[in-house]
Amino acid sequence: MNQIDENQHSISQVLLERFKIPGSPLQCYQVQTGEWIPKSKEKACAWPGYNQLLVSGVADNTLEEAFSMCWYCAFLKGVALFSKPGAVVSLVFQINWELENGKHDLLRHLEIPKETIDAWRGECALGRKVIIESENGLQLLYRFQFLRTYALDYSQFLSTKWTISNSPIELPMSDVGLVPIHLTDHKANHYLLPIGPNLLLEGIFFFDLTKNSSQPFVRGLTLIQDEAEYRFDAICASAVAEIICSRRIPNISASINRAKSKGITFHKIVNPQAITSAGLTNADDLHFRIVPVDEYVKFVHSFMLPP
């Protein structure tokens with residue numbers, strides 16, 4: 001274990017095993033082509049070096065080693081496919097927010113000299129933005145952001161209202177693992193994690209912290225058909241490349257279209273292949289550049305597009 005470029009999972013084999021029919025492979029629906037590919041639990045949601053950081057040809061696998069110590073939902077959120085491009089987007093957003101609001105927590109963490117910060121603030125006052133440049137900084141920023149946000153995610157999940165729901169229909173699993181749905185009207189995030197073909201772990205976290213749980217508690221619920229279908233559609237629509245099922249489920253493409261008609265949408269990763277292979281290339285030092293707003297937007301959209 002923990003060899004250079006070893007096979008590493010974004011969803012654990014323990015969870016994948018719960019979807020596997022004994023003696024049969026998992027059935028993985030390919031979002032782009034609509035074809036089904038049978039896979040073992042060793043090969044589903046796994047890529048060479050997915051979590052490793054490669055520096056001068058030496059692999060750092062401490063993130064993979066930390067898996068057993070992490071609360072699973074926080075780990076899933078941190079290593080999800082969306083988290084890699086999301087790390088770049090969130091970091092440049094926070095850098096510019098700090099410059100515009102006189103803050104410096106992240107800037108100090110990045111060891112940016114004070115004179116550079118002052119110069120950037122002058123540029124930002126003129127309507128310009130800071131972006132990050134690196135030949136291959138995606139994996140470095142992903143791991144940096146994971147270590148910064150893990151404790152916060154863990155704390156939020158401790159106060160999330162959790163439910164184990166029984167579904168009347170068989171559910172698939174998305175390759176993003178823990179599916180986040182933003183509930184605008186309720187000012188909350190709704191999380192979905194299938195833990196079996198007919199079992200779903202659901203969490204609600206309110207932005208008004210007084211509405212959340214004061215201590216961890218999990219209740220039980222049986223979904224009606226419409227509720228289960230809504231969750232089924234959301235899980236399918238969230239997938240980046242493939243949807244993992246116990247058996248082939250008909251009309252997956254119709255489910256994805258149904259989700260869009262219900263207003264269930266997710267950000268789009270611009271280059272999924274670059275996300276899964278980022279750990280195979282040596283990470284370079286980060287460089288920063290001041291650019292006009294339109295170039296800043298272009299930079300952000302080179303990683304992720306809005307729904």
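The values are calculated or read from the model by the stated rules, or taken from the named source; none is laboratory data. Just so it is clear, the structure is predicted and the values come from calculations on it, not from any experiment. As a convention, Cβ positions derive from the backbone with ideal geometry for all residues, glycine included, and neighbour counts pool all protein chains shown. Heads up: the accessible areas ignore ligands, DNA and RNA and are worked out on the full protein's heavy atoms, side chains in. Shrake-Rupley method; radii C 1.70, N 1.55, O 1.52, S 1.80 Å.
So the values come out like this:
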read-out	value
Residue check for residue 220: open to solvent by 10 Å² or more (accessible area, probe 1.4 Å), in contact with a strand residue (DSSP E or B) (Cβ under 9 Å, 6 or more places away or on another chain) and either part of a helix (DSSP H, G or I) or not aromatic (Phe, Trp, Tyr) (or both)	yes
Output for segment 1-49, where each listed residue is among the polar types (S, T, N, Q) and touching a Lys or Arg at 6+ places or on another chain (Cβ under 6 Å)	13, 27
Subset of segment 1-47 that is in contact (Cβ under 8 Å) with a residue 60 or more places away in the chain and open to solvent by 60 Å² or more (accessible area, probe 1.4 Å) - its residue that is nearest to residue 170 (Cα to Cα)	18
In segment 252-268, the residues that are surrounded by 13 or more Cβ atoms within 10 Å (Cβ to Cβ) and hydroxyl-bearing (Ser, Thr, Tyr)	255, 265
Selection within segment 255-307 - farther than 23 Å from residue 143 by Cα and among the acidic types (Asp, Glu)	294, 295
Considering residues of segment 294-307 that are open to solvent by less than 70 Å² (accessible area, probe 1.4 Å) and either part of a helix (DSSP H, G or I) or among the acidic types (Asp, Glu) (or both) only, the residue farthest from residue 82 (Cα to Cα)	295
Selected residue (criterion: surrounded by the most Cβ atoms within 10 Å (Cβ to Cβ)) from residues of segment 112-135 that are modelled with pLDDT under 90 and among the charged types (D, E, K, R)	133
